[in-house]
1. Measure nothing fancy, just the Cα-based angle from helix 354-380's long axis to the longest principal axis of the chain, in degrees from 0 to 90, nearest 10.
2. Pop a pseudo-label 7 angstrom from the Cα along the beta-carbon direction at both residue 312 and residue 283 and give the gap in nm to one decimal.
3. Based on Cα coordinates alone, diagonalise the gyration tensor for segment 1-115, multiply each eigenvalue by 5, take square roots, and list the semi-axes in whole Å, largest first.
4. Once you put a point 7 Å from the Cα of residue 87 and another 7 Å from the Cα of residue 68, both along the Cβ direction, what distance in nm separates them?
5. What ranking of 258, 196 emerges when the number of other C-beta atoms within 10 Å of each C-beta is taken as an exposure proxy, fewest first?
6. Return, for the Cα atoms of segment 119-164, the radius of gyration and Dmax in Å, separated by a comma.
7. Using Cα-only point scatterers and the Debye equation, what is log10 of I(q)/I(0) for the chain at each q in 0.08, 0.09, 0.10, 0.12 Å⁻¹, rounded to two decimals?
8. List the extent of the Cα atoms of segment 308-420 along each of their three principal axes, largest first, rounded to whole Å.
């Protein structure tokens, strides 16, 4: 029994790190578009409005892919879905770098985002096979650092690419090549289930919210999830939080450029958001398991209240910078980091994270994650054209105020979950 337990822990650890590194690498072919925004405008005439349209179309493809990917992963297995999405997204980015008319660029970017949607669905389907429900918050908080690591490492890599070349093509070729290399490195680490390597499966231990065991047909998990009133509440939270998160992911390099930072410096400064978000993600999941008895609502509500304050500070940044006598681009960094800390903890729970496992369990986790992320990214498609329109009319202050209002709505939506 001891040897089997050690073997289980060894394979679980290997699978965990394979998924974490692999999903972090997905961001190489996701955040590269925002890094190319300035070059595409100055060299190819793609203004804020056109760039916003490209981003929104890609996000819409990602949202639709999320809804479809969840049931597929629950039926055929997360490992197949995960690695197909990884390689297909990289190939699409290689073709983007070849160049062509604008419609081809938009089509390939949409395909890349659709393939990217397979990654998280595959990951979420695998995780409850290796962790008990009493550890869902800690385990999903830890694995959710993958997109914080990806968000930190990718801008650093792209800043390095920008420092040695002025061509936009390299911002698609280099990440795609590295993503394929990472996929080859971690593919042998990830195991679908303990039974696949001759180990005993974990005993059933589902949380209170989880749906009953799902039977065919394929849409049965969706029906079961959508019959829960609390699940609809979480869908609303995902919609609001993903808009805010996607705005930071998409627009921060351009925001820092507008504040006067150079191209490489703007990309580097934007890493404050995922870097502090990493700490928030780890803290939120662990705290909700350890001190809240699995209740996510209190943690979400407190952090989102602080998020609203950080967004209001960004809205009033010129006044604060003038009063403190510091450059606006410098002062924006700590407030961006604070927003990351306060947002990404709740988002890691709501956006297809631990709450997907809380509702879906082992039978429908990927489906729950797909619905939560799909609805979230339908809202996030507004982060492209919507934020571009607000900035053109009311400046960045108007955009931050609008996001603060969205954050306040999320606080209201989190209150009914306080005792769940």
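Any read-out appearing in this document is the output of simple, stated calculations on the displayed coordinates, not a laboratory observation. All values reported here derive from a predicted model rather than from experimental measurement. Using ideal geometry, Cβ is built from the backbone for each residue, glycine included, and neighbour counts are taken over all protein chains shown.
1. Relative to the chain, helix 354-380 is tipped by roughly 20 degrees.
2. Here the modelled spin labels are 2.0 nm apart.
3. Details: eigenvalues 258, 47, 24 Å².
Largest first, segment 1-115 gives 36, 15, 11 Å.
4. 1.9 nm
5. On the way: 258 17, 196 12.
The order, fewest Cβ neighbours first, is 196, 258.
6. Cα only, segment 119-164: 14.9, 48 Å (Rg, Dmax).
7. Ignoring solvent entirely, the Cα scatterers give -0.40, -0.51, -0.63, -0.91.
8. Taking max minus min along each principal axis of the Cα atoms, segment 308-420 gives 55, 29, 23 Å.
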